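Working notes, structure below.
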Amino acid sequence: MARRKKVYEGKAKILYEGPEPGTLVQYFKDDATAFNAQKKDVIDGKGVLNNRLSEFFMNGLTQIGVPNHFIKRLNMREQLIRSVEIIPLEVIVRNIAAGTISQRLGITEGTPLPRPIIEFCLKDDSLGDPLVSEEHIIAFGWASQQDLDDMVALALRVNDFLSGCMLAVGIKLVDFKIEIGRIWDNDFQRLIVADEISPDSCRLWDIETGEKLDKDVFRRDLGNLNDAYTEVARRLGVLPSNVTHATKPTLIN
Ligand code: CDP
């Protein structure tokens, strides 16, 4: 097979040229990074789980009419996506205080927020993805006021959808990050959800026990990351057939 052209390589994914114009192949790596890549590891099978989980969430969003980049899953680690122009902002939605908002504002982790709070961070690793205000975004031209309004609307719909998915399987959606891209349909420009939705970019806590089922397991050395992601995938019914927990062989009659 001819070697595909790599378009971009990030910390957890690689993008290759797709088979048709306007498409890309998104490959999920096993690499885990935290604290702006100061902490790194390779977690066997993480990419396979995130490929499945992102497929599950993006398909669900499509079903409720939230536009996103997902076209179809190609194999264990790859999915076909629409190529977009990524808006250089991370859109964070928070339902419960945790992570940087707790540190920044001194709010105890686990405190429910009065309403979902949306934050924007500039996508720039060399600056550590700093929090930016809407003033900054407009003044520096990273997005227009219309884009911002559309991004907030998209982010809140994703929040409602993901919160519901998680609640149904006994998990609290504490916060998450999405990225949003621009596409053009002829002269008409619109914004769609891009990148990935997976436990790498969410905080997920078990409702009963408070157990963390997301990348904080890796960030804070709380145990085996794959076990946590496998649990999320299992509860949602999206576990790929060949990623299983080691169990005793059972006799098949
Ligand atoms: O994750 P961290 O504690 O560094 O930052 P945060 O602002 O508390 O993150 C809020 C949410 O966005 C968490 O679910 C993170 O996993 C996610 N996030 C992400 O996926 N990528 C980033 N570069 C920053 C945050």
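Kindly provide the set of residues from region 161-182 that are within 25 Å of Lys72 (Cβ to Cβ) and out of contact with any Ser or Thr (no Cβ under 8 Å at 6 or more places or on another chain), ordered by number. Walk me through how you get there before you give the answer.
Applying the first criterion (within 25 Å of Lys72 (Cβ to Cβ)) to region 161-182 yields 161-162, 164-166, 168-169, 176-182.
Across region 161-182, the qualifying residues are Phe161, Leu162, Gly164, Cys165, Met166, Ala168, Val169, Glu179, Ile180, Gly181, Arg182.
Give the residue that is farthest from Cys202 (Cα to Cα), with candidates limited to residues of region 85-127 that are among the hydrophobic types (A, V, I, L, M, F, W, C) and in contact with a Cys (Cβ under 9 Å, 6 or more places away or on another chain). Give the derivation first.
Here is the first cut: in region 85-127, the residues among the hydrophobic types (A, V, I, L, M, F, W, C) are 86-87, 89, 91-93, 96-98, 101, 105, 107, 113, 117-118, 120-122, 127.
With in contact with a Cys (Cβ under 9 Å, 6 or more places away or on another chain) added as a condition, the list becomes 89, 91-92.
On the way: Leu89: 16, Val91: 12, Ile92: 9 Å.
Per the criteria, the residue is Leu89.
The rows are residues; the columns are (1) surrounded by 18 or more Cβ atoms within 10 Å (Cβ to Cβ); (2) charged (D, E, K, R); (3) over 28 Å from Gly22 (Cβ atoms); (4) in contact (Cβ under 8 Å) with a residue 12 or more places away in the chain.
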position: Gly141; (1), (2), (3), (4): no, no, no, no
position: Met151; (1), (2), (3), (4): yes, no, no, yes
position: Phe176; (1), (2), (3), (4): yes, no, no, yes
position: Asp185; (1), (2), (3), (4): no, yes, no, no
position: Arg203; (1), (2), (3), (4): yes, yes, yes, yes
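For region 1-37, a residue qualifies if it is assigned to a strand (DSSP E or B) and among the small types (Gly, Ala, Ser), and the qualifying residues are Ala32, Ala34. Just to be sure, is Asp41 buried (at least 16 other Cβ atoms within 10 Å of the Cβ) and either farther than 19 Å from Arg234 by Cβ or out of contact with any Lys or Arg (no Cβ under 8 Å at 6 or more places or on another chain) (or both)? Against the criterion (buried (at least 16 other Cβ atoms within 10 Å of the Cβ) and either farther than 19 Å from Arg234 by Cβ or out of contact with any Lys or Arg (no Cβ under 8 Å at 6 or more places or on another chain) (or both)), Asp41 does not qualify.
With respect to the stated conditions, Val217 fails to be in contact (Cβ under 8 Å) with a residue 40 or more places away in the chain and either within 15 Å of the chain's Cα centre (by Cα) or away from the ligand (no atom under 11 Å from the Cβ) (or both).
Against the numbered list (1) buried (at least 21 other Cβ atoms within 10 Å of the Cβ); (2) within 13 Å of the ligand (Cβ to nearest atom), Val193 comes up short only at (2). In a residue-by-residue description of region 50-62, the property of being among the aliphatic types (A, V, I, L, M), buried (at least 18 other Cβ atoms within 10 Å of the Cβ), over 14 Å from the mean Cα position of the chain (by Cα) and more than 14 Å from the ligand (Cβ to nearest atom) applies to no position.
Return yes or no: is Val93 under 19 Å from Gly10 (Cβ atoms) and either away from the ligand (no atom under 14 Å from the Cβ) or not hydroxyl-bearing (Ser, Thr, Tyr) (or both)?
On the way: under 19 Å from Gly10 (Cβ atoms): no; either away from the ligand (no atom under 14 Å from the Cβ) or not hydroxyl-bearing (Ser, Thr, Tyr) (or both): yes.
Here the answer is no, as Val93 does not meet what is asked.
For region 168-220, a residue qualifies if it is of a type in the set (A, V, I, L, M, F, W, C), in a loop (DSSP other than H, G, I, E, B) and closer than 20 Å to Ser83 by Cβ, and exactly one does: Ile197.
Would you check which residues across region 2-20 are in contact with a Ser or Thr (Cβ under 8 Å, 6 or more places away or on another chain) and in contact (Cβ under 8 Å) with a residue 60 or more places away in the chain and list them? Result: Ala12, Gly18. Which residue pairs have Cβ atoms under 8 Å apart, sit 6 or more places apart or on different chains, and have a first residue in region 27-43 that is closer than 25 Å to Glu55 by Cβ and a second that is among the hydrophobic types (A, V, I, L, M, F, W, C) and within 10 Å of the ligand (Cβ to nearest atom)? What qualifies is Phe28/Ala12; Lys29/Ala12; Asp31/Ala12; Ala32/Ala12; Thr33/Ala12.
Please go through region 96-109 and pick out each residue that is closer than 14 Å to Asp214 by Cβ and more than 8 Å from the ligand (Cβ to nearest atom). Break it down into steps so the answer makes sense when it comes.
First, the residues of region 96-109 that are closer than 14 Å to Asp214 by Cβ: 96, 98-99, 109.
Answer for region 96-109, where residues must be closer than 14 Å to Asp214 by Cβ and more than 8 Å from the ligand (Cβ to nearest atom): Ile96, Glu109.
Considering only region 120-134, I want to know if a residue exists there that is among the aliphatic types (A, V, I, L, M), free of Cβ contacts under 8 Å to residues at least 60 places away in the same chain and over 23 Å from Asp214 (Cα atoms). Taking every residue of region 120-134 in turn, at least one turns out to be among the aliphatic types (A, V, I, L, M), free of Cβ contacts under 8 Å to residues at least 60 places away in the same chain and over 23 Å from Asp214 (Cα atoms).
Read the figures in this text as sums done on the coordinates, not as results from a lab. Please read these numbers as outputs of a predicted model, since none were measured by experiment. Glycine gets a Cβ as well: all are built from the backbone with ideal geometry, and neighbour counts include every protein chain shown.
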